[in-house]
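The values are calculated or read from the model by the stated rules, or taken from the named source; none is laboratory data. The shown structure was predicted, so the numbers you read here are calculated from the model rather than taken from an experiment. Here the Cβ is made from the backbone with ideal geometry for all residues, glycine too, and neighbour counts use every protein chain on show. The protein model used for the area step is the full one, side chains on, heavy atoms only, and it has no ligands, DNA or RNA in it. Shrake-Rupley method; radii C 1.70, N 1.55, O 1.52, S 1.80 Å.
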Amino acid sequence: MVEVVAALVWRDGKILICRRPADKARALLWEFPGGKVEEGETKQQALVRECREELAFEVVPGSVFCEVTHTYPDITIHLTLFNCTAQGEPQQLEHVALKWVQPQDVTAYDFCPADKVIVEKLASGVKLQTERLELRELTASDIDNLRPILQDADVMYAWEAPFADSEAENWLAENLRRYKTDGFSFWSVERK
């Protein structure tokens, strides 16, 4: 088992993806920046080093987004993906392409097989996960799950009254607007 780390670098609501060189294993597939953890390194140290070496880019690792174990024909990896912030612009030193993409658009790219689970989570809007919970932005499709909560008198005790259908829809629309204009709003926390 080889320990591998990768960076989920966030900037202005987009994430950085990289296309592998043609002369390496999994040629021309997309991936998240990172690499192998060397002996004596923490995962965070390895991630900082790999991003410096491959992208001349300074990342600051934060929380773990997810972990994946995957077996390729030539290697089995345990991948830890960290939410990261970064300073400067990444340089195309090793990869054949770099792109900043919206998380929901990652399914349009052909990723390495180990990254497929991550791609699915990103496309679903998951921002953070623990062993039992996932945190993500609300979407318009959440209205059917929100209505019973927003229309429950016990839950809505701090409001004048529980919401009618139109008020629940307006509440959700306002929160979706706030993500775009203010950069924050309410989040969905779900059990896995």
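Observations on the model:
- Selection count where residues are assigned to a helix (DSSP H, G or I), in contact with a strand residue (DSSP E or B) (Cβ under 7 Å, 6 or more places away or on another chain) and closer than 14 Å to Trp30 by Cβ, scope region 107-121: 5
- Residues located in region 131-151, provided they are assigned to a loop (DSSP other than H, G, I, E, B) and open to solvent by 60 Å² or more (accessible area, probe 1.4 Å): Glu131, Arg132, Gln151
- One residue stands out among those in region 37-62 that are under 17 Å from Leu93 (Cβ atoms) and of a type in the set (D, E, K, R): the one that is farthest from the chain's Cα centre (by Cα), which is Glu53.
- There is at least one residue in region 155-173 that is part of a helix (DSSP H, G or I), under 14 Å from Glu137 (Cβ atoms) and open to solvent by less than 70 Å² (accessible area, probe 1.4 Å).
- Residue within region 118-130 that is under 15 Å from Ile17 (Cα atoms) and open to solvent by 60 Å² or more (accessible area, probe 1.4 Å) present: yes
- Long-range neighbours under 7 Å by Cβ, at least six apart or interchain, first residue modelled with pLDDT of 90 or more within region 112-127, second surrounded by 17 or more Cβ atoms within 10 Å (Cβ to Cβ) and assigned to a helix (DSSP H, G or I): Val119/Val106
- Scanning region 91-127 for residues being of a type in the set (Lys, Arg) and either within 18 Å of Glu54 (Cβ to Cβ) or touching a Ser or Thr at 6+ places or on another chain (Cβ under 9 Å) (or both) gives a total of 1.
- Residue check for Thr107: of a type outside the set (A, V, I, L, M, F, W, C) and more than 15 Å from the chain's Cα centre (by Cα): no
- Test: residue in region 151-169 that is closer than 30 Å to Asn83 by Cα and not aliphatic (A, V, I, L, M): no
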